[in-house]
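The values are calculated or read from the model by the stated rules, or taken from the named source; none is laboratory data. These numbers come from a predicted model, not from an experiment. Positions of Cβ are generated from backbone atoms using ideal geometry, with glycine treated the same way; all protein chains shown enter the neighbour counts. SASA here: full protein model, heavy atoms, side chains in, ligands and nucleic acids out. Shrake-Rupley method; radii C 1.70, N 1.55, O 1.52, S 1.80 Å.
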Amino acid sequence: MPVESGSSASSRQAKQKRKSHSLSIRRTNSTEQERTGLQREMLEGQDSKLPLSLRSNLLDLFGQIEREFENLYIENIELRREIETLNDRLTAEGQTIDGGDFTKGALKAKASHSTSQLSQKLKTTYKASTSKPSHGADAPSPRHLVIEIGNLFSGLFQTPAPPRSPTCFISILDIVSSFKATTSRAVCQLVKEYVGHRDGIWDLSVTRTQPMVLGTASADHSAMLWSIETGKCLLKYLGHAGSVNSIKFHPTEQMALTASGDQTAHIWRYTVQLPTPQPVADISQTPCDDDIDFSDKDEADGDGDGPNECPSIRVSSTTLRSHQGVVIAADWLVGGKQVVTASWDRAANLYDVETSELVHSLTGHDQELTHCCTHPTQRLVVTSSRDTTFRLWDFRDPSIHSVNVFQGHTDTVTSAVFTVGDNVVSGSDDRTVKVWDLKNMRSPIATIRTDSAVNRISVSVNQRIIALPHDNRQVRLFDMSGVRLARLPRSNRQGHRRMVCCSAWCEENSSCNLFSCGFDRQAIGWNINIPALLQEK
């Protein structure tokens, strides 16, 4: 008479348990109609302003939700019983392997191999789920994620292989726990809000000379200069007839360069006197990643009367006219004797500041330009376009004007900026930011993948930190190797409430070293403190 093995007995017991459990489930489902009928009677007896049909539909929906959670709970119980069965089988079979330790040798190697395969599958599933939009039909449901990971665990348990060590289960728990976001030691503090524009703010910049002021360019046809310390408007420029899309300051003189939807770029001089700084209210330090998006209140959407008693300028000293479309951006070349403009007419123009004459017309992009930037120390220009490319223009040799085209993105390149070193950082609507080496730009040296389109980025001079403004109202900080350092706090009490359009660093200022602006009509000054140890990680 054959003798039943320990593993067969344990398997038979598990099947009996599942069978009895399925019977209890069917008994529960058999009483479901009676329970629904009682709930409907209770519903009819309650006072409510909702129509009975609507209340009935709500009851059905909540019933479906309850059944969904019941199914998940049942699956969880089944999974736990599978684990218990396998543990029993593991113990029984482990005693028959010549008294050896099954966690050593070939068995241990096979267990480690299976664990590594599971680790890769879990990480792939996790990355795939987080890379999708957090809204819409493509977003994975919690049930989908639970079932997906449950299937992976089931695949491990159903593999007919030698018994696995309990360390396998421990490593699985370690993998899952590693998904939890680590607490950042970076401290991000909101210091000042600059409110006064009547429409969204496209761009902002900080002067390179004293007195140090903040400049903003807005869709309300104006550009404003602000006191960084007090948040007071010092000067308003009203010379444009369209949206002001960009603002940049001369490297050595008190001159500003603005680009506009009226197809022109203006150069205008300014003179400001800084007010006496007022004591800054004590704002508690906020760890950058410990924020919760509580609401979508549009507290900054009021009409607002703008800054009081703010002097204005209505006439520019120089007007640059050559484009046949919106001028979306402009910047000064090193030395400040020439400027470059980028337009929706698919061209970038190089002008002489003193004579206002067009020096070069930089053509080649297939679609509208979105941004332009100049190198801080060399005669280099980079232009971005909706054609998914950015181009590097070299004017260092007066006799040769070379151009290089880079196709590293799959959607509109919203901006590309130089760093102090030999790098270019590009951001795109394809939700990626890429770091390039000027000496070898065949492929990026680092790629940052995000969950939202990236707008006009900026890189700090000293710490070389990239500030990413997003369409989803967030601002994230990364180092040049693509490691995330922090996320600026955002809630219903602070932060941006609309798309963040631009960021700008100012490390010379002690109170605010990072600025951001958005379509919530405000600019914000931040104090960012990132320890050196955190940047090295």
*Sticking with the crude label model, points 7 Å out along Cα→Cβ, report the distance from T252 to N492 in nm, one decimal please.*
5.3
_Whole-Hz ³J(HN,Hα) for each residue in region 322-327, computed from phi via Karplus 6.51 cos²θ - 1.76 cosθ + 1.60 with θ = phi - 60°, x for glycine and proline: what do you get?_
7, 7, 10, x, 4, 8
*Decide, for region 209-268, between rounded, prolate and oblate: order the square roots of the alpha carbon gyration tensor eigenvalues as a ≥ b ≥ c, take rounded if a/c falls under 1.5, and otherwise choose prolate if a/b is larger than b/c, else oblate.*
oblate
*With a 1.4 Å probe and every protein chain left in place, tell me how much accessible area W505 has, in Å² to the nearest 10.*
40
*Could you give the nm distance between label points at L274 and D60, where each point is 7 Å from its Cα heading toward the beta carbon?*
6.8
*asked:* Here is the link list: K236/K337; K192/K248; K248/K434; K236/K434. Which ones come out longer than 31 Å on Cα distance?
replied: K236/K434
*Amide H to amide H under 5 Å from S260: which residues, 5+ apart in sequence or cross-chain, H placed 1.01 Å off N in plane?*
N245, V327
*Hey, any idea what the orientation-averaged projected area of the convex hull of region 327-378's Cα atoms comes to, in nm²?*
3.5
*Nearest-0.05 FRET efficiency for T91 and D411, computed from C-beta distance (R0 51 Å)*: 0.40
*asked:* Distance between the C-alpha centers of region 216-237 and region 378-427? Whole Å please.
replied: 29
*What list of ³J(HN,Hα) values in whole Hz, one per residue of region 221-227 in order, does the Karplus curve 6.51 cos²θ - 1.76 cosθ + 1.60 (θ = phi - 60°) give from phi, with Gly and Pro shown as x?*
6, 10, 10, 10, 10, 10, 6
*Could you tell me the accessible area of I83 in Å² (1.4 Å probe, neighbours in place), rounded to the nearest ten?*
50
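Taking a quarter of the surface of the Cα convex hull of region 442-537, what do you get in nm²? Could the numbers behind the result be given before it?
On the way: hull surface 26.9 nm².
The number I arrive at for region 442-537 is 6.7 nm².
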_Cα centroid separation, region 186-200 to region 463-537 (Å)_ = 11
_Under the rule of at least 5 residues apart or a separate chain, name every residue whose amide H is placed under 5 Å from the amide H of F390._
F406, G408
*May I have the extent of the alpha carbons of region 372-414 along their three principal axes, as whole Å values ordered from largest to smallest?*
33, 19, 12
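Evaluate region 339-413: find the radius of gyration of its Cα atoms, find its Kirkwood radius, and give the ratio Rg to Rh. All intermediate terms of the calculation are to be shown ahead of the outcome.
Working: Rg = 12.2 Å, Rh = 12.6 Å.
Looking at region 339-413, the ratio lands at 0.96.
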*Can you run phi through the Karplus equation (6.51, -1.76, 1.60; θ = phi - 60°) for region 196-211 and list ³J(HN,Hα) in whole Hz, with x for Gly and Pro?*
x, 6, 9, 8, x, 9, 7, 8, 8, 7, 10, 4, 9, 10, 7, x
*Give the whole-number value, in cubic angstrom per residue, of the convex hull volume spanned by the C-alpha atoms of region 354-497.*
143
*Where labels lie 7 Å past Cα in the beta-carbon direction, separation of D366 and R321 in nm*: 3.4
*What residues have an amide H closer than 5 Å to that of T318, excluding those fewer than 5 places away on the same chain, when H is modeled at 1.01 Å from N in the peptide plane?*
I267
